[in-house]
1. I'd like the accessible area for TYR375: 1.4 Å probe, protein heavy atoms, all chains in place, Å² to the nearest 10.
2. In the full protein assembly as shown, how much of MET315 is accessible to a 1.4 Å probe, in Å² to the nearest 10?
3. Please compute the Kirkwood hydrodynamic radius of segment 52-97 from all pairs of different C-alpha atoms, in Å with one decimal.
4. Based on DSSP H runs of at least 4 residues, each adding -39500 (n - 2.57), what is the mean residue ellipticity at 222 nm of the chain after dividing by all its residues, to the nearest 500 deg cm²/dmol?
5. Among the DSSP beta bridges whose two residues both lie in the chain, what percent are antiparallel, rounded to the nearest 5?
6. Give me the percent of the accessible area of the chain that comes from carbon and sulfur atoms, probe 1.4 Å, all protein chains in place.
7. Accessible area per residue for segment 1-71 in Å², computed with a 1.4 Å probe and the full protein assembly in place, what is it?
8. Using a 10 Å Cβ count of at most 13 others and DSSP loop calls, identify the longest part of the chain lacking such GluC sites (Glu not before Pro).
Amino acid sequence: MAKISFSDYLYLWRYSLAKKGALSRYKEALDFQQLSADEMEHRQWLKTKRILDLAYDKTIWYHDTFKAVGLHPNDISKPEYYSQVPVLHREDIIHHFDKFVVKGTKASQLNYITTGGSSGTPLKLGVDKNRVREIQKWQMFHWWHTPLNANMASAYRGLPVKGLKKLVLAAVNWPQQVVRLDATDLTEEKIKAFIAHYKRVQPKLFHGYVGAVDAIADYIIAHNISFSFTPNAIWLTAAPVTKIQETKISKAFNNAPICDQYGCSEMYFIAAESPAKNGLHVFSDTVKLEVVDNDNQPLPNGKVGKFVLTNLDEMRFPLIRYANGDQGRYLDNTNDTGLNLPRIDKVKGRLSDNLVLRDGTLLSGEYLTTIFDDYTDYVKQFQIIQNKKGDIILNVCLFKDGDFDVLKQFISKEFDKRIEGKAHFEMRLVPEIQPVNGKLKFIIKED
């Protein structure tokens with residue numbers, strides 16, 4: 001049985017007044033992460049069967065889809081049969097939203113989430129209003145030895161809630177202070193004000209979009225700003241994190257450890273790093289993550305494939321075997337004291353981030369995001385653009401412009417080996433690369 005501090009217990013008790021079950025569900029999550037691999041898989045399978053039965057009986061989409069392929073949940077009697085379930089795509093949800101809502105669900109029982117549309121048409125989803133969605137966040141706090149209502153800094157999109165909900169959250173989170181910066185509206189003056197507030201509050205944790213935190217780190221380094229304290233972790237999300245960014249951001253915030261968290265708007269908390277930093281631990285009690293090949297069949301550990309996700313706890317708008325466009329691989333488990341959750345490698349980006357050369361050769365996004373891993377002392381930012389002609393342009397922002405010519409020789413030689421004349425390559429020195437809505441996109445393919 002995992003231990004919960006008195007302050008965390010009191011916080012969760014207050015939180016449970018607003019959302020029932022928060023305390024008990026958190027205890028279950030801490031206990032689950034200590035189970036053996038066999039017991040974890042067994043419990044996850046029971047939840048998987050539960051969501052399959054619910055979806056078939058209570059939603060139009062899954063009932064009709066299963067019927068169309070001659071499948072019934074009873075046919076999925078073992079985990080190895082799960083790959084028979086058809087894969088779900090975002091277009092299915094966009095065009096058939098109402099068919100995913102569980103029968104009997106009232107509009108007042110759903111909250112609605114809309115993705116940013118960075119990979120196509122914006123997507124609307126429903127989530128159970130009464131489900132406690134913060135459990136995995138609290139697990140991360142626990143891993144990083146941080147009280148659940150510790151002072152925080154946040155560089156995220158949008159502004160905090162207002163009105164009655166704001167008052168309720170303030171009462172639940174008391175005496176927490178949060179230093180906020182809207183990641184979609186970054187200006188030098190706002191970053192300056194954020195840093196001043198950050199110094200006063202001395203937050204234990206800093207959570208933000210990679211692009212936004214990267215921009216703040218640039219400002220700190222450029223203005224020689226220093227801090228007398230170090231947060232327990234810098235928690236980064238919303239985009240792949242390169243080694244260059246980790247090194248720079250850690251340095252800017254007084255050598256703070258970096259925590260990479262993976263999620264998507266459809267299922268926000270999927271996996272995250274612990275202090276051991278030996279991969280991202282999958283929250284497998286709430287999400288079933290498969291790594292599959294082009295035929296949607298499971299791949300062994302170590303093999304890179306596309307992600308297919310099932311939300312095991314969403315009982316009003318189930319997503320089963322949903323392909324979110326990301327790719328990665330499972331790692332073999334290693335000893336991480338008290339944390340036995342399965343692990344994935346760092347997620348390098350979406351399948352659409354791969355570049356296609358003129359003869360159809362694929363230049364993987366996984367490789368492209370690591371090209372400067374050996375040059376973190378020189379490179380501040382980079383971005384790869386493939387234009388309509390198929391030409392590849394590599395924009396680089398350096399700490400010292402004088403290093404460009406030497407670096408260009410090494411990188412151009414490396415790229416020439418990869419593309420073998422199948423595309424024109426050009427490396428350019430630029431003063432800065434601006435994030436869009438707080439997100440720094442490494443790879444851009446022009447339509």
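The values are calculated or read from the model by the stated rules, or taken from the named source; none is laboratory data. None of these values were measured; they are calculated from a predicted model. Here Cβ is always computed from backbone atoms with ideal geometry, including for glycine, and neighbour counts include all displayed protein chains. We work out accessible area using only protein heavy atoms, side chains counted, and drop any ligands, DNA or RNA first. Shrake-Rupley method; radii C 1.70, N 1.55, O 1.52, S 1.80 Å.
1. Here the residue's solvent-accessible area equals roughly 50 Å².
2. 60
3. Radius from the Kirkwood sum: 11.2 Å.
4. Working: 12 runs with 138 residues, N = 447.
Calculated at 222 nm, the ellipticity per residue is -9500 deg cm²/dmol.
5. Numbers: 37 of 63 bridges.
Of the beta bridges lying entirely in the chain, close to 60 percent run antiparallel.
6. Numbers: 10830 of 21380 Å².
Heavy-atom surface of the chain belonging to carbon and sulfur, 1.4 Å probe: 51 percent.
7. Working: 4080 Å² over 71 residues.
I get 57 Å² per residue for segment 1-71.
8. Working: sites that count: GLU420, GLU432, GLU446.
Longest run free of exposed loop sites: 1-419.
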